[in-house]
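Here's the structure, in structure tokens; my notes come after.
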Amino acid sequence: MSQRPLGFGIWGTGMIAEFHAKALAEIAGAKLVAAYNRSPAKGRDFAAKHGITFAETPEALLANPAVDIVCLCTPSGDHLAPALACAQAGKHVVVEKPLEVTLARCDALTAACAKAGVTVAGILPRRFCAGAVALKAAIEAGRFGQLTMAGALIPWWRTQAYYDSAAWRGTFALDGGGAAMNQGIHTIDLLLWFLGTPKRVSATAGLVAHAGIEVEDTVTGWIEFGNGCRATLASSTACWSATGFPAEIRIHGTTGAAVLRDDKLTAFEFEKPLASDDAVIAPATEGGGAGANDPKAIGHAWHRSNLEDAIAAIRAGKQPAVNGAEGRKAVELILALYQSAQAGGAPVDLPLAKDPSLKKLGIKRVS
């Protein structure tokens, strides 16, 4: 592919589309050219705001010769059909998290794009923040020794109005789940990126502080990894805070320990320290967690890095860092957590043989 600017289209112009648009505006060699939304009024407003073409139909978006890549910003359970249409039209696809809400749909999406010869890039932008990159490098260098214990904590807040703002929110069909699949997936993905292949999970889930939704607002559990490391997980949208607490990951081993709070390493200690270690440590802050109590209150820098990686991979004819297979991993783990919760916390082995039936999850509001 030539080095002309790559043209982007956006399919779905809700809240998350703004992050894509802002990120693309800062990437050399990328240009946002068109957008489609099934609500013409919303789509036209978005197009006018960003000075781009509004496509009246999906077919018009995909027929636009200036569009090389389409960012899918539709609801989580509505990624497959748009991706199939993009593949058929020969357009590369960037898919917002989660890749899809079932393993069968993830696999169908990835397979269709592979057959069409187009690239799939997932959006899991926390992998690209400086703290996470430094932590990953230290793990790969063996500086933690034997990984022994880890923990992931996402104590976030969403108002009832958030869930009431759109009919698809809080449904298994289109949201895919709650505090784990929608909010916790970023941190869960990082846990997998750091620790490798999970072997067994157990979880409980409940609806504690919200009403009128099918999904959980609180989930807790444990994960056993193939390398012997054990991790605890707690993710919630029922934890109020005035400023928002960061999502936190702790990693422990026989020769090292680290704490990652959002994008900042607040602890980075090793039996054999390096002179460069202090440079990556950031001051701990109690508030300001990215997306902790307001999904709009995050920056777009991580999206920019995620998109830059996807663009570089497409130009080079290589797989992006977050390809379809990588995007599938967190979905599988979350579905295993849900399956365990459905079975009263009984351990579930991975990999999953099939998708669990989430309609029977049986989440009830705790009174």
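The values are calculated or read from the model by the stated rules, or taken from the named source; none is laboratory data. Remember, it's a predicted structure, so these values are computed and weren't measured experimentally. FYI the Cβ positions are ideal-geometry reconstructions off the backbone, even for glycines, and counts take in every protein chain you see.
Structure notes:
- Residues in the range 294-310 that are outside any helix (DSSP H, G or I) and either over 18 Å from SER236 (Cβ atoms) or out of contact with any Lys or Arg (no Cβ under 8 Å at 6 or more places or on another chain) (or both): ASP294, LYS296, ALA297, ILE298, GLY299, HIS300.
- Of the residues examined, VAL101 is not one that is under 27 Å from ALA180 (Cα atoms), in contact with a strand residue (DSSP E or B) (Cβ under 9 Å, 6 or more places away or on another chain) and surrounded by 24 or more Cβ atoms within 10 Å (Cβ to Cβ).
- Cβ pairs under 8 Å, 6+ apart, first in the range 43-56 and over 17 Å from MET15 (Cβ atoms) and among the hydroxyl-bearing types (Ser, Thr, Tyr), second at pLDDT 95 or above and crowded, with 20+ Cβ neighbours inside 10 Å: THR53/VAL33; THR53/ALA34; THR53/ALA35; THR53/ALA47
- Qualifying residues in the range 103-127 (those that are without any contact (Cβ under 8 Å) to a residue 60 or more places away in the chain and among the basic types (Lys, Arg)) - the one farthest from GLN339 (Cα to Cα): LYS115
- Restricting ALA132, ALA83, ALA108, ALA104 to residues that are modelled with pLDDT of 95 or more, outside the structural domain of ASP309 (by TED's automatic domain parsing), among the hydrophobic types (A, V, I, L, M, F, W, C) and within 21 Å of the chain's Cα centre (by Cα) narrows the list to ALA132.
- LYS97 meets all of the listed conditions (1) outside the structural domain of ALA258 (by TED's automatic domain parsing); (2) in a helix (DSSP H, G or I); (3) among the charged types (D, E, K, R) but one, namely (2).
- Residues of the range 328-358 that turn out to be touching a Gly at 6+ places or on another chain (Cβ under 7 Å) and closer than 16 Å to GLY184 by Cβ, as a count: 4
- Among the candidates ALA275, ALA258, ALA242, ALA282, the residue that is touching a His at 6+ places or on another chain (Cβ under 9 Å) and small (Gly, Ala, Ser) is uniquely ALA258.
- The set of residues from the range 226-247 being under 30 Å from GLY145 (Cβ atoms) and crowded, with 21+ Cβ neighbours inside 10 Å comprises CYS229, ALA231, LEU233, SER235, PHE245, PRO246, ALA247.
- Looking across the range 203-247 at every residue that is acidic (Asp, Glu) and in contact with a helix residue (DSSP H, G or I) (Cβ under 6 Å, 6 or more places away or on another chain), the one that is nearest to ASP294 (Cα to Cα) is identified as ASP217.
- For the range 154-192, the candidate set comprises residues that are under 14 Å from the mean Cα position of the chain (by Cα) and assigned to a loop (DSSP other than H, G, I, E, B); within that set, the residue that is surrounded by the fewest Cβ atoms within 10 Å (Cβ to Cβ) is ASP175.
- Among residues of the range 174-200 that are assigned by TED's automatic domain parsing to the domain that holds PRO75, none has a beta-carbon under 9 Å from a residue that is of a type in the set (Phe, Trp, Tyr) and surrounded by fewer than 24 Cβ atoms within 10 Å (Cβ to Cβ) at least six positions away or on a different chain.
- Scan the range 207-221 for residues that are surrounded by fewer than 19 Cβ atoms within 10 Å (Cβ to Cβ) and either farther than 15 Å from ALA161 by Cα or touching a residue at least 60 places away in the same chain (Cβ under 8 Å) (or both) and the total you get is 3.
- Candidates CYS129, CYS71, CYS86 - the one that is closer than 17 Å to LEU190 by Cα and buried (at least 18 other Cβ atoms within 10 Å of the Cβ): CYS129
- Looking only at the range 40-75, and only at residues there that are assigned to a strand (DSSP E or B) and within 26 Å of the chain's Cα centre (by Cα), the one that is farthest from PRO98 (Cα to Cα): ILE69
- Where LYS31 falls short, out of the listed (1) more than 21 Å from the chain's Cα centre (by Cα); (2) closer than 12 Å to CYS73 by Cα: (2)
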